[in-house]
Structure formats: C-alpha cells, structure tokens
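Here's the structure, in structure tokens; my notes come after.
The values are calculated or read from the model by the stated rules, or taken from the named source; none is laboratory data. Since this is a predicted model, take the numbers as computed values, not measurements. Quick note on the areas: whole protein, heavy atoms, side chains included, nothing else; ligands and nucleic acids left out. Shrake-Rupley method; radii C 1.70, N 1.55, O 1.52, S 1.80 Å.
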Amino acid sequence: MQSVRIQTTAASRGKTVVSRLLPGSDLIQGIKIICEQCQIRQAIITTVIGTLEHSELVYVVPDPESTLGVKYVEPVRIQGPLELLSGQGMIGEDDQGGPSVHLHGVLSGPDMRLAGGHLVENGNPVLATVEITIQEIVGVEMKRRYDKETGFVLFQFETADFETGR
C-alpha cells in the first residue's frame with residue numbers, strides 16, 4: 001500500500017466576487033485586476049465560463065530526464081473561436097509577493113473537440129464574455145515557489161492569522 005503524503009491547513013471563507021471580463025481582456029490579467037480591486041490575496045476560482053478569441057495553454061508530457069518523468073510543453077496556441085466550458089484554479093502570491101493565478105480550463109472549438117490544460121497569461125483574450133466567480137479564503141497564505149522534490153513551481157500553504165488573513 002502506498003503512503004499518503006499531504007500538506008494542508010484550515011481556512012475560512014471571505015467574500016465572494018462575481019465578475020465579467022469584457023471583450024479583448026486577457027483572462028489571467030483580468031483575474032489579477034479583479035483581485036487587486038477587491039483586495040483579494042488568496043482565493044479559489046470556482047467558476048470560469050465564456051468565450052475566447054483563441055487560447056494558449058500548457059500541459060504535461062513524458063520527459064525521462066526530469067525529476068518526476070514529466071515536463072510542461074511550451075505554450076500551445078489553439079485557434080478560436082472557443083467556448084471556455086469550465087475553468088477552476090487558485091490565486092496566491094509569487095516569490096516577490098505579487099499575484100499568482102493557477103488556472104486550468106476545458107475548451108471546445110468549432111469542431112466541438114475538447115482541449116484542456118493550464119491557461120497562460122497573455123494568451124487567452126476574451127471574445128464576448130468570461131464570467132468568473134472567485135471565493136476569497138482567509139487564514140492561509142498560498143505562496144507559489146519552486147519545489148525541489150517535483151522540479152515544478154507549486155503553491156505552498158502556510159497558516160495565517162484568521163483575523164487579518166496574513
């Protein structure tokens with residue numbers, strides 16, 4: 001039987017923000033601006049649906065040279081128009097204290113074939129609309145850092161003050 005290893009900490013819900021990104025807006029930059037305007041530092045993205053002009057995403061492929069035997073491909077561009085059928089993710093901080101958005105999505109093009117992966121910044125412009133629900137979490141800090149064990153930049157969770165969220 002394999003052992004189960006986890007990193008966990010309890011958090012509480014803060015405010016819920018419902019937003020719409022307008023045509024031409026970059027999806028990831030838009031999420032960062034929403035968080036800045038609503039003073040959200042740590043959150044989960046529970047809903048992302050809408051349409052994109054095109055999409056750039058990354059996904060894992062085998063790589064026997066890497067620590068875990070996989071690596072992310074260079075960003076792949078999928079021509080649109082695209083339906084963004086589903087998206088979810090996490091919002092925390094990078095090593096410099098700036099916002100970090102980790103967003104995965106499932107897309108469908110005119111041929112109705114599905115594609116999915118990790119959506120990248122400056123590569124996912126809104127076509128008509130993208131509707132987003134963000135749930136702030138307090139009592140935990142999520143910091144995205146390089147993880148030696150996996151060789152990837154991943155969120156690390158730390159307990160924070162439940163009153164201030166820091």
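For GLU56, the accessible area of its heavy atoms, probed at 1.4 Å with every protein chain present, is near 40 square angstrom. Rounded, prolate or oblate: pick one for the range 32-166, where a ≥ b ≥ c are the square roots of the eigenvalues of its C-alpha gyration tensor, a/c under 1.5 means rounded, and failing that, prolate if a/b is larger than b/c, else oblate. Note, shape of the range 32-166 comes out oblate.
When you restrict to C-alpha pairs under 8 Å that are six or more residues apart and normalise by the size of the chain, the relative contact order lands at 33 percent. Rolling a 1.4 Å probe over the heavy atoms of the protein chains gives the range 102-142 an accessible area of 40 Å² per residue. 3J(HN,Hα) along the range 23-32, derived from phi through the Karplus expression 6.51 cos²θ - 1.76 cosθ + 1.60 where θ = phi - 60°, amounts to x, x, 6, 6, 4, 5, 4, x, 4, 4 Hz, with x in place of Gly and Pro. Expressed as a whole percent, the accessible area of the range 1-156 that falls on carbon and sulfur atoms is 53 (1.4 Å probe).
Per residue, the accessible area of the range 5-73 comes to 60 Å², computed with a 1.4 Å probe over protein heavy atoms only.
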